[in-house]
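The values are calculated or read from the model by the stated rules, or taken from the named source; none is laboratory data. Keep in mind the model is a prediction, meaning the values are calculated, not measured. Here the Cβ positions follow ideal geometry from the backbone for every residue, glycine too, while neighbour counts run over all protein chains shown.
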Amino acid sequence: MADGCNVLSCRLRAAFLKAILFIVMSFRKNTKDERDERLKWNRFCDANKDLIQQIGLTTPTIETDERFIDFLMHGYIDHHDDWSKYTVSKMDAEQYKLFKLLIDKYFEAGYYDPSLMAVSHEETIEFARKYPKQFHSSFVEIIERQDEKDA
């Protein structure tokens, strides 16, 4: 009987360890995907470097796509360290116009809506009309229903 308990406990331990390993591995990021995302972001920044410079976006703002998403979500860097403390509210009218152009290019490049709050609600709606596949389907449906009512 004691041997049976040892075998059973060994099997339970093995099953438990397999479950833990599965959980850990499922949360691991695929380094190839991370690399591809980083390369895509670097290409985006390179293609738009003049625009980024004219807007005055600081290095912390565009260092990674995650930081830029944070900036688009809040109008400033909220979830990362940012020595520059740069915000959308610091932009003059021309910089803001160019910022909206950069957002347009962001969606055009295939990036998705990160819950865009750095621009007005009306401007977000315009982006959603232009790039509906980049926005959540329920948001686009609400816009389409409102457009039908207004027509």
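Quick check on the range 105-123: of everything there that is surrounded by 13 or more Cβ atoms within 10 Å (Cβ to Cβ) and acidic (Asp, Glu), which residue is farthest from residue 66 (Cα to Cα)?
Applying the filter and picking the extreme gives 123.
Residue 67: surrounded by 18 or more Cβ atoms within 10 Å (Cβ to Cβ) and either within 18 Å of the chain's Cα centre (by Cα) or assigned to a loop (DSSP other than H, G, I, E, B) (or both), yes or no?
Working: surrounded by 18 or more Cβ atoms within 10 Å (Cβ to Cβ): yes; either within 18 Å of the chain's Cα centre (by Cα) or assigned to a loop (DSSP other than H, G, I, E, B) (or both): yes.
Here the answer is yes, as residue 67 does meet what is asked.
When residues of the range 98-151 are filtered for being in contact (Cβ under 8 Å) with a residue 12 or more places away in the chain, in a loop (DSSP other than H, G, I, E, B) and of a type outside the set (A, V, I, L, M), how many remain?
Final tally of qualifying residues: 9.
Can you give me the number of residues within the range 42-76 that are of a type in the set (A, V, I, L, M, F, W, C), under 12 Å from residue 109 (Cβ atoms) and modelled with pLDDT of 95 or more?
Result for the range 42-76: 3.
Among 89, 9, 26, which is of a type in the set (Gly, Ala, Ser), assigned to a helix (DSSP H, G or I), more than 16 Å from the chain's Cα centre (by Cα) and modelled with pLDDT of 65 or more? Break it down into steps so the answer makes sense when it comes.
Values: 9 fails: modelled with pLDDT of 65 or more; 26 fails: modelled with pLDDT of 65 or more.
On inspection, the qualifying residue turns out to be 89.
What residue, among those in the range 44-59 that are of a type outside the set (A, V, I, L, M) and in a loop (DSSP other than H, G, I, E, B), is farthest from residue 86 (Cα to Cα)?
Taking the candidates together, the pick is 48.
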